[in-house]
Structures are given as structure tokens and as C-alpha cells.
Amino acid sequence: MTAIQRKAVDPTAHLSAEDIEALGRELDEIRESVMATRGEADAAYIRKVIDTQRKLELASRAVLLFSLFPPAWFVGTAGLSISKILENMEIGHNVMHGQWDWMRDPKIHSTTWEWDNASPSEMWKHSHNQVHHAYTNVLGKDNDLGYGIMRVDEDQKWSKFYLGQPLWNFINACLFEYGIAAYDLEIGKYLKGRKDKAVFQAEVKRVLAKIKKQAMRDYLVHPLLSGPSALSTLGANATANLVRNWWTHSVIMCGHFPSNIETFTRASTVGETRGQWYLRQMLGAGNISGSKFLHLMTGNLSFQIEHHLYPDLPSNRYAEVAPKVREVFEKYGLNYVTGSLPRQLGSAWKKVFRLALPNDLKDLATRSKPARTRPVATDRVRVAA
Amino acid sequence: MSVIEQPAATRHPLKARLGRLAELVATPLVPSDFSDLIDPLRSSTDLRGRIVEIRSETADAATIVIKPGRGWRAHTPGQYLRIGVDIDGVRRWRAYSLTSPLDRADGLITITVKAIPDGLVSNFLVRRARPGLVVQLDQPTGDFTLPATAPAKVLFITGGSGITPVMGMLRNAIDSLDDVVLLHSAPTPDDVIFDAELRELAATGALTLIVRHTDTEGMLEAADLEAIVPDLAERETWACGPVGMLDLLEQHWAITELKPLHTERFRPALAAIGEGGTVTFGTTDLTVDADGATPLLDVGEDAGVLMPSGCRMGICFGCVTPLVEGSVRDLRTGEITSAAEGDGVLVQTCISAAAGACTLAR
Ligand SMILES: Cc1cc2nc3c(=O)[nH]c(=O)nc-3n(C[C@H](O)[C@H](O)[C@H](O)COP(=O)(O)OP(=O)(O)OC[C@H]3O[C@@H](n4cnc5c(N)ncnc54)[C@H](O)[C@@H]3O)c2cc1C
Ligand code: FES
């Protein structure tokens, strides 16, 4: 993609300023209608998911105590992988978004939740809720656009480092939970001297303390408890973490990297109205189509568009708002990006490979020229016009 | 939420070690998150209870019989507990006086709730709750109690559901009280909670019962007191009932030479309402509009903020929260409290409302 504002044909050019505000109001109405009906069934839903996940984790860890026996290893590893995915996606991610704060249950609350992931929830909430969700797909602002190690937009400047990005992405997928932690630490920002040293060091300490606890559990205590099955339990736990890492990495790639998802210039977000903000969220995310089970396993991030429009709406309600949201897209002639998991994932990986090379292959030889396809002069705020 | 963790030192060493192992395996959760799956009443960190019976007392009042979970501490008669129930998915906390005798063999406790019009929790408990429901509890508290050595002559003045803490005292201490007068007001004979039991106590001579039916006899007047209770000056008094009744008694006691008056209020006497403002909550970085009448506690809870709370009426200080910046108004007196950034003045959110823009450290 090229930032929407620099495109030859801006897909929002047909919308007047009034259209954009009207669209915002319609999306607000959808939000209000669902928020008003939050209640007992929703509370029962999240409690059931949490209950199921914890029982699954307990059962899987119990089975893995006998992991020397191959069927036990297989069943336990599969169970633990699913449990970890549920814990990170449908539970952790969504609880930390405050989707369940309205229940006033201190055990299921964004300010108290800690998740099974290397990044402490406090830090993750900052980089995810306050940076990524506020600046979704804004070049130079949203670090989720390539996580600072990849070039996923034509408008991001090419350098030789990006030639290796398919490999960087694969490594990131394998170690995703540590990748997230490193990312939440804003190492890049610190190295460039834009982050306070004392703050950074305190955060590093917290991350390491959390990693130590998590690693002790999965790679020391649980294996030791397995006695003769120690080594195979260690392998099972490492596998479950790896599966969880690949899965979450894949789901998240599908959210913002596949083709047809738009990016935005920094200037376009200055003085953004509610309608313009909605419009950016509509075009800056993509969905994954599939079964109920797929939606559950993605933490309903398969409704990435709806999630970006309404980050604090309980995740079990995204499926219900999706058709209404899609109607708004159609009414205003906008492109609702969605596709099966293999298709979206394929599209995202294709981009990772394609953008490993400069936009203009001639640059490969000269290497130093900025990869802009258009002069900066066109960096105008067409959305606001 | 009450924490009833045993200090590690008093635990058996092996148990302590197992506890630490459980913590290592449960991280990032805590072991009780898993044991809660099996029995929520055994939690060592969160006090809970299970409703075992709901007994109707009058058309709009019921006694809720609760099996308290591990860690429940025996109460002093007259005290109240806090109960948290999930209604339409939202947790709501309220205070209710304990009405059970301390020596129940089954260890069950009771509260008696009167459903008030449009009352969220009272109606839920009286009409919708069912046996088996698990509720959140907090340890008993409150100082509306009898002294260790009871005075020779005691007067109880109660109105409506205000009989509850007094019933708690009578059921436990009636044998040690020599001379008791109970002056109870209720609209009609059918509205008298514990009617049969009170009559029985009166019949045995354990207390003198005077019931006033306010629909026909009118509200209690301070001027009538001496006529109804001729030896009023000799009696130490405990009173619990509607705001109007307690205000009237306190005024009378203030201008008359009498033995002490102890009161228990179920809701604060609110007087002051002013301009509202925007309230910002530090923990979630949320800013909401608030009017000048709604307590900040309600404003925060409605916004999904985890607000500490207690009696919800200004007596227990369970709700105190630092006011980081801005002004709030005490709804009882109208007094304004202000803080400049960094002051962190503590305010009671249950009886304070926004008075202009303010920021709370919650
Ligand atoms: C120390 C203490 C002990 C208490 N003990 C008991 C008890 O033993 N039995 C009992 O039934 N209640 C008792 N209460 C009152 C109880 O805590 C609740 O306030 C009451 O049940 C109303 O709650 P609700 O959720 O039903 O009403 P809400 O939904 O909170 O309020 C609905 C409406 O009723 C008004 N309102 C609130 N409280 C009262 C009230 N007490 N009387 C009249 N109107 C009111 C509100 O202003 C509001 O307009 C006690 C309160 C305290 C502080
Ligand atoms: S909750 Fe008791 S004083 Fe506020």
C-alpha cells in the first residue's frame, strides 16, 4: 500500500465532509445499540470462556505429567496450546482492552489483569491501546506497521536491512511473545535516545522478572513435577508456546498487513474528527472469515475491523455488529477487506517478500534514494477535504 | 474486597512450601484462581458466601440465609456486612445488618432485606435471587452495638427495615438485658418485619413492645416520646430507621438532657447539590461528565472503574480516594474540597460529587 493520501485514486475521494460525519454517527448508533444491551448473557460468556480455559490448562498440564507416553504428549501439548491461545487472545487481549470492565469484577478487569505472555500487561496496554489503536496504520506513528523490523508499506523507506525481512518475520513469529515484549519496551526509541534511560531500565527489569517467572513455570517447575517425563514435558511446553506464538503472529498479520488495507500519513490525523477517525479504522484493518471456532481462537480479532471501530465492545458481540458495519461500508462505497485465513495470511506474507525489495528495483543498485513513488507535495489531507 | 490471607509464618512449613510451588505453577494467575473453579467458598483471598435459603418475612421483605465461606469472622450483634451480587452482569455492593444469632450450630448467617421501590439490589435479593447463588462478602463491621456490660435500661427505637440490627442484638443478647423497651414504627400491621417473633418475646416478658402503625397513627413525634416511654431519661437508646426519624431523634436529644443516643443510618441525609463537572479517573485515563448530585462512587462504577467502597453512605471511609486535582462537594454539607495537582487530598467518593473538573487517583 501507499498512504491513502498519496494514492493516484483515493478510495475516499467520493465522500464529502458531511458524508464522513454521517458515517461516524451511524457507527456510533450501532455502538450504542449494542452497548446498551450488555448484560447477564455476556458476563456468563466471558466467565465460561475463562472457566473452560483454566480447566483445559489444568487438565493439559496434568496429562503432561505423563508426557513420556506419546499419546499423552500429543493430547497435553494440543490442549496446552489451545489453552494458551485462548488465554492470550479471547481472554487477555480483550480483558486488557477494558471490554469487560463494566462488570465491575476486579478479577476480570483491565487494571488488574495479568496475562500468560512475556510482556507485562501494563506495558502492553500502553503500546497497544494507546499507541496502536490511537494511531492505527499511521506511517511513522503506528509501530505495529512492521514492528520496526519490517517494511510493510511502499511509503516506508527501504534499506538493505529489509532484504532479510522474510527471515526476520519468521523469527519474530517463532519468538512472538518476546518480540512483543521487546517492542513494548520501545528498544528502537531508546537506542535513538528518545526514551528516558531510567524508565527504560526499570521496564527492562520488569520484563525480565516476568519472563523469569513464566520460564520457570514452563521450563523448570512443570517439567520437574513430571519426574521421568521431565524432558518431554519441557518439549511439550516449548511446543505449546511456539504454536501459540505462530498462531497469534499469524492472526495479527492478517489484521493490518494483507493487500487492500490502507495506510495514512501523519498529517492526515492532525485535527481528525470522530468521523475521520472512524474512516481510518474502517480502512486500516481487515477481517478473517471462518467458523465460530476460528473466531474464538482468534480472540474475535477475525473481526479486526469491528474491533478497531469499537475496541471496548465485548468480543462476543463483534459477530453481531459485523453485518451492520458492513452495510455502512456498502452504503458509503468503501472496501470491506475480508477473506479466509490462508488467503489473508498469504497476502500478508506476499507483501513481506515483495517489500523486502525496494519499490523500484533500480534503487537496489543505488540503494540510498528514498523509496517514495510520489513527491511529498501530494502529502495533502484529502480525507479532510 | 477483604483479604484473609494467612501470614506465611503461621502456616505449616510443608504447606507453605506447597503453597509456593502452587504459586510458581499458577503464574501469572494465583493458585486460588484455580481452586475457585472447584469451590469458590474455600478461597483464602476472597470472602464469598452461598445463599442457602430465602424466607419471606413480609410482602416486600425477606431473610436471606447465607453460608459464609472460609475466613468469615464472627460478628458483634448490631454490625452489618457488605454483600456483592451480580445483577444483569454487573457487580453491586450494598450493606445489610446481620440478624442471625451467633451460636447457630450450622454456622449460617442471615440478613433481612426490605425491597424499596426501584431499589436495584434490595429487589434482586428479595425477588430474584435463588438458593445456590454465590455472592461476594466482606467481613462484618460497624459500631452500632451494645457495650460489653449492657446498661440496666435500654430503649430501641426502630422504623421499617431499621428493625434489622436491633433484631440482631435481641436474638443474641436478650437474656443479658434486664429491661428493654422496643418502640417500632411500620406503616401497617402487615409491614412489621419479625412480627410474630417480637410478640413472642413480649409475651414472655423479655421486652416491652410498642408498635406504632404510622398509616393510621401518624409518624412518631419527639413530643410524644415522654408519653410513650415515661422513663425515657433513664434509658440508653439505640435507634435505626428512616432519615426523617433519626434526624428528629437527634434533634430531640441535642436539646434534652438524656442518656446517650446511638443511631445507625442506612442512607446519608443529603442536602447539597451544585454544579457538576468532568471527572477523570487516573487508572483508566477515562474522562466522563458528572452532574452535581451523583456521588463520585457511582460515577466511577458506571464508567467501569474499580472503585473501593464500603457503606456507601459516608460512615466507614472504605471509599476514600485521593483527589489529584480539582474540586468536589460534600453532598451532606455542601462543603467544597479542592486539591491542586500533587496534593492527593483524600475524599469520600460515596458522599462527594464533582464541583467542576476533577481528577481522582482511581
Ligand atoms: C450500615 C447499613 C446497614 C443496612 N442494613 C440494611 C438492612 O438490614 N436491611 C435493608 O433492607 N437495608 C439495609 N441497608 C440499606 C441497603 O444497604 C440499601 O441501601 C438498600 O437495600 C437499597 O439498595 P438498592 O440497591 O435496593 O437501592 P438503590 O438502587 O441503590 O436505590 C434506589 C432508590 O432508592 C433510594 N434509596 C436508597 N436507599 C434507601 C433506603 N434505605 N430507604 C429508602 N430509599 C432508599 C435511592 O436514593 C434511590 O433513589 C443498610 C444500609 C447501611 C448503610
Ligand atoms: S463507602 Fe463508607 S464512607 Fe464511603
With every protein chain in place, the stretch B:205-259: carbon and sulfur % of accessible area (1.4 Å):
54 percent
On alpha-carbon atoms, Rg over Rh for the stretch B:101-225 using Kirkwood Rh?
0.98
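For chain B, list the DSSP H helices whose alpha carbon atoms reach 18 Å or more along the long axis and whose average Kyte-Doolittle value is -1.0 or above? Show your work: numbers first, answer last.
On the way: long enough: B:13-26 (19 Å, 0.46); B:243-255 (19 Å, 0.68).
Membrane-span-like by this rule: B:13-26, B:243-255.
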Taking N as the number of residues in the stretch B:154-265, what is its alpha-carbon radius of gyration divided by 2.2 N^0.38 Å?
0.99
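Can you give the accessible area per residue of the stretch A:1-132, in Å², using a 1.4 Å probe?
Per-residue accessible area for the stretch A:1-132 comes out at 37 Å².
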Given that compact globular proteins tend to follow 2.2 N^0.38 Å, what is the ratio of the alpha-carbon Rg of the stretch A:15-69 to that value?
2.19
Average the reciprocal distances over every distinct pair of alpha-carbons in the stretch A:4-361, invert the result, and give the Kirkwood radius in Å.
21.5 Å
Please report, as a whole percent, how much of the solvent-accessible surface of the stretch B:48-137 comes from carbon and sulfur atoms (probe radius 1.4 Å).
48 percent
I want to verify a result. In a Gaussian network model of chain A, Cα cutoff 10 Å, which of these has the top mean-square fluctuation: A:Gly271, A:Gly140, A:Gly235?
A:Gly271
Probe 1.4 Å - accessible area at B:Arg265, Å² to nearest ten:
50 Å²
For the stretch B:244-362, max minus min Cα coordinate along each principal axis, in Å, sorted largest first?
52, 24, 24
Are there any residues in the stretch A:33-57 with a reduction of at least 20 Å² in accessible surface when going from the isolated chain to the assembly of protein chains? Probe 1.4 Å, please list them by number.
A:Glu40, A:Arg47, A:Asp51, A:Arg54, A:Lys55, A:Glu57
In whole Hz, what ³J(HN,Hα) sequence does the stretch A:153-167 give by Karplus (6.51, -1.76, 1.60; θ = phi - 60°), x for Gly and Pro?
9, 3, 7, 7, 5, 8, 9, 4, 3, 6, 4, x, 5, x, 5
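Which whole-number value in Å² is the accessible area per residue of the stretch A:255-365, probe 1.4 Å?
For the stretch A:255-365, the per-residue accessible area is 39 Å².
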Using a 1.4 Å probe on the heavy atoms of the protein chains only, list every residue of the stretch B:286-311 that has 50 Å² or more less accessible area in the complete assembly than in its chain alone.
B:Gly304, B:Leu306
q = 0.07 Å⁻¹, the protein assembly as shown: log10 I(q)/I(0) [Debye, one scatterer per Cα]:
-0.64
If you count the DSSP beta bridges with both ends in chain B, what percent of them are antiparallel, to the nearest 5?
65 percent
Given N residues in chain B, what is its alpha carbon radius of gyration divided by 2.2 N^0.38 Å?
1.10
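Could you give the accessible area per residue of chain B, probe 1.4 Å, as a whole number in Å²?
Working: 16370 Å² over 362 residues.
I get 45 Å² per residue for this part.
When the Kirkwood radius is taken over all Cα pairs of the stretch B:205-300, what Stokes-Einstein diffusion coefficient follows at 37 °C and 0.692 mPa s, in µm²/s?
Translational D for this selection: 192 µm²/s.
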Quote the Stokes-Einstein diffusion coefficient, in whole µm² s⁻¹, for the stretch A:66-224, based on the Kirkwood radius over alpha carbon pairs, a temperature of 20 °C and a viscosity of 1.002 mPa s.
120 µm²/s
For the stretch A:119-209, take the convex hull of the Cα atoms, compute a quarter of its surface area, and give me that in nm², please.
6.1 nm²
Could you tell me which of the pairs A:Lys55/A:Lys212; A:Lys55/B:Lys15; A:Lys141/A:Lys324 are separated by over 26 angstrom between their Cα atoms in the structure shown?
A:Lys141/A:Lys324
Considering only C-alpha atoms, what is the centroid distance from the stretch B:268-304 to the stretch B:169-197, in Å?
39 Å
Buried accessible area, chains B and A (both chains, 1.4 Å probe, Å² to nearest 100)
2600 Å²
Find the centroid of the Cα atoms in the stretch A:5-31 and in the stretch A:273-334, then give the distance between the two in whole Å.
16 Å
The stretch B:269-314: projected area of the alpha-carbon convex hull, averaged over directions, in nm²
3.5 nm²
At 10 °C and 1.306 mPa s, the Stokes-Einstein diffusion coefficient in µm²/s for the stretch A:240-346, with hydrodynamic radius from the Kirkwood sum on alpha carbon pairs, is 110 µm²/s
Divide by every residue of the protein assembly as shown the summed helix terms, -39500 (n - 2.57) for each DSSP H run of at least 4, and state the resulting mean residue ellipticity at 222 nm, rounded to the nearest 500 deg cm²/dmol.
-11000 deg cm²/dmol
Per the 1.4 Å probe, what fraction of the accessible area of the stretch A:74-157, in percent, lies on carbon and sulfur atoms?
59 percent
Cα long-axis angle, helix A:341-354 against chain A (0 to 90 degrees, to the nearest 10):
60 degrees
Heavy-atom accessible area, 1.4 Å probe, ligands and nucleic acids excluded: residues of the stretch A:218-235 down by at least 50 Å² from chain alone:
A:Val221
Taking the alpha-carbon set of the stretch B:13-139, what are its Rg and Dmax in Å?
16.6, 54
Scan the stretch B:101-188 for trypsin sites (Lys or Arg not before Pro) in coil per DSSP, keeping those whose Cβ has at most 15 other Cβ atoms within 10 Å, and list them by number.
B:Arg104
Sort B:Met307, A:Met216 from largest to smallest accessible area, using a 1.4 Å probe on the heavy atoms of the protein chains.
A:Met216, B:Met307
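The values are calculated or read from the model by the stated rules, or taken from the named source; none is laboratory data. Nothing here was measured: the structure is a model prediction, and the numbers come from that model. All Cβ positions, even for glycine, are placed from backbone atoms using ideal geometry, and neighbour counts span all protein chains on display. When the accessible area is computed, the model is the full protein with side chains, heavy atoms only, and any ligands, DNA or RNA have been set aside. Shrake-Rupley method; radii C 1.70, N 1.55, O 1.52, S 1.80 Å.
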